[in-house]
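One structure below.
The values are calculated or read from the model by the stated rules, or taken from the named source; none is laboratory data. Just so it is clear, the model here is predicted, and its values are computed rather than measured. Here Cβ is always computed from backbone atoms with ideal geometry, including for glycine, and neighbour counts include all displayed protein chains. Areas reflect the complete protein model, heavy atoms only, side chains present, ligands, DNA and RNA absent. Shrake-Rupley method; radii C 1.70, N 1.55, O 1.52, S 1.80 Å.
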Amino acid sequence: MMKTKKLISLNLISSMIFKERSETRRSASISSCEFWLAYRQLLTINQEAIFKSSLKHLKITQANLLPQIEANLSKLDAEVSLDSLKNLLLLKNELTMFRKQTEMVSEMYSLVLRNEDDLNAMYLSDTQLKKPRTGPNHHEVEYLLEHYLCLVEEISNVNKTTMMTIQSTESLIQLSLDTQRNKLIQFEIRATLA
């Protein structure tokens, strides 16, 4: 709902700027080519703002979550306690949800990149002029989306690495607990035989 409102407001702002620029163009002696170039840049900036917003949300979430995980893993390296293990489980669940969220954003970008109609529809000025683009003539938007897709995949890779670190720590803790259990069993057998 919030994203829809942002898109509607961006479209309203774009149309208002379009009208204002059209009036300015009539009153000033700006060439048609310069006007449309400036307008296309404005629309690209609006689309990029949407992409930046989704990326910013992912980066903020990652910046909040990763230090907590690292601090908890450091505590577990020093001493294994029940509270630290519970906290690690909660953080692991949060990281799993965040990974799913990151994968959904990545999939969204990929779906748009695979659909030529969506890429062509992002040229709002052409659509507003009732001359929608057709075919593979959408390189600027494609490059923009690929850039943001790479940034989202970078976040996803950091999340995967962090998850692997958590799983390695869990394995080491499990081995340590198994060793302690085996020592207790050996002690119990010795006490029983003595």
Practice prompt. Please state which one of LYS52, LYS75 is modelled with pLDDT of 75 or more, open to solvent by 100 Å² or more (accessible area, probe 1.4 Å) and more than 28 Å from SER171 (Cα to Cα).
Written response: LYS52
Fill in: Count - residues of the range 81-93 that are in contact with a helix residue (DSSP H, G or I) (Cβ under 6 Å, 6 or more places away or on another chain) and open to solvent by 60 Å² or more (accessible area, probe 1.4 Å)
1
Worksheet item: Which one is modelled with the lowest pLDDT, of the residues in the range 119-153 that are in a helix (DSSP H, G or I) and open to solvent by 90 Å² or more (accessible area, probe 1.4 Å)?
Response: HIS139
Discussion item. Taking the condition of being among the hydrophobic types (A, V, I, L, M, F, W, C) and either touching a helix residue (DSSP H, G or I) at 6+ places or on another chain (Cβ under 9 Å) or at positive phi (or both), how many residues in the range 58-77 meet it?
Written reply: 6
Worksheet item: Taking the stated definitions as given, is GLU116 at pLDDT 65 or above and farther than 30 Å from LEU66 by Cβ?
Response: yes
